Amino acid sequence: MTQLFYWSIAESIAKESDGGLFDFNATLPLMALQFLILMVLLDNIFYKPVAKVLDDRDEYIRNSLTTASASLNKANQLTLQYEQELANARKEAQELIRYSQKEAQEVVLVKIKNAQKDAENLITEASKQLMSQKEQAIKTLEDQVENLSDQIRSKLLNN
């Protein structure tokens, strides 16, 4: 029985070996045609749409990068512009503060000078009043002394 099995395997191998290792009959061109049709179908169904999606995505990314770059440049320009305006505003504010301080000092100096003049006028006026009161007091005292002297003289002479 085992011999019969081996004999059938040998017989089938002999039948297959008629064409050799490669059999060039109608199946080879048919396989080549199938391969070419498969390549065309795959190209049209899968490769072109995928390539189109990838190209669209690349274009979208490029456009987004260009837009983002332009926005960044604009933002940088605006930042520089605002920083310059802020620096100018600070300078103007400092100049305004200095000018206001200078004016305030001048006003204070003028008021101090006026107050000093008023004080000097008051002192001068008070001095004049005191001098006139002093002169009046001296005159009154002189009159009283003269009166008293006259009274004393008249009493002494009457005695």
remark   = Karplus ³J(HN,Hα) for the range 98-104 (6.51 cos²θ - 1.76 cosθ + 1.60, θ = phi - 60°; Hz, whole; x = Gly/Pro) runs 4, 4, 5, 5, 5, 4, 4
Sites Leu28 and Lys52 - FRET efficiency at Förster radius 35 Å, r taken between beta-carbons, to 0.05 = 0.50
query = Under the Kirkwood approximation for Rh and a Cα-based Rg, what ratio Rg/Rh is obtained for the range 33-152?
reply = 1.98
³J(HN,Hα), Karplus 6.51/-1.76/1.60, whole Hz, each residue of the range 129-144, x for Gly, Pro = 5, 5, 5, 5, 5, 5, 5, 5, 5, 5, 5, 5, 5, 5, 5, 5
query = Under a straight-distance cross-link criterion of Cα-Cα below 21 Å, which lysines are reachable from Lys128, leaving out those fewer than 8 residues away in the same chain?
reply = Lys117, Lys139
Rounded accessible area of Val107 (nearest 10 Å², 1.4 Å probe) = 80 Å²
note = Expected vector for the range 26-37, Karplus 3J(HN,Hα) from phi with 6.51, -1.76, 1.60 and θ = phi - 60°, integer Hz, x for Gly and Pro, equals 6, 6, 5, x, 5, 5, 5, 5, 4, 4, 5, 4
request  = Averaged over every viewing direction, what's the projected area of the C-alpha convex hull for the range 84-159? Give it in nm², one decimal, please.
outcome  = 5.2 nm²
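The values are calculated or read from the model by the stated rules, or taken from the named source; none is laboratory data. All values reported here derive from a predicted model rather than from experimental measurement. Reconstructed Cβ throughout: ideal geometry from the backbone, glycine too, with neighbour counts over all protein chains shown. When the accessible area is computed, the model is the full protein with side chains, heavy atoms only, and any ligands, DNA or RNA have been set aside. Shrake-Rupley method; radii C 1.70, N 1.55, O 1.52, S 1.80 Å.
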